[in-house]
Amino acid sequence: MSFDPMGFTYRKSVNLGPFRVNLSKSGVGYSVGAGGFRSGVSARGKKYTSFSLPGTGIGYRKSGAGCLVLLAALPVGIVVTKLLTSS
């Protein structure tokens, strides 16, 4: 039986307001966003945009070409999420 270190992962995030720096085994990534919407660059250099429903574990992530189209919805999404979570 052999030991395969490839199965282990490491990720640490540092939040600086709406900015997040992600440290992982692959390198350093960064993102910006709030209220369930986030757009950034992964440690491997791929651009991505993501949306999630906070507290549910449900989300969607689009990476590669066209991912920043979702970024246009960022301000609307922040307002909607704030309204939904303020109740």
Complete set of residues in region 28-40 that are more than 9 Å from the chain's Cα centre (by Cα) and modelled with pLDDT of 90 or more: 28, 29
Give region 19-31 a look and list any residue that's over 12 Å from residue 48 (Cβ atoms) and surrounded by 14 or more Cβ atoms within 10 Å (Cβ to Cβ), or say none. 20, 21, 23, 24, 26
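The values are calculated or read from the model by the stated rules, or taken from the named source; none is laboratory data. What you are looking at is a predicted structure, and each value in this text was computed from that prediction instead of being measured. Quick reminder, even Gly has a Cβ in these numbers, built from the backbone with ideal geometry, and neighbours come from all protein chains shown.
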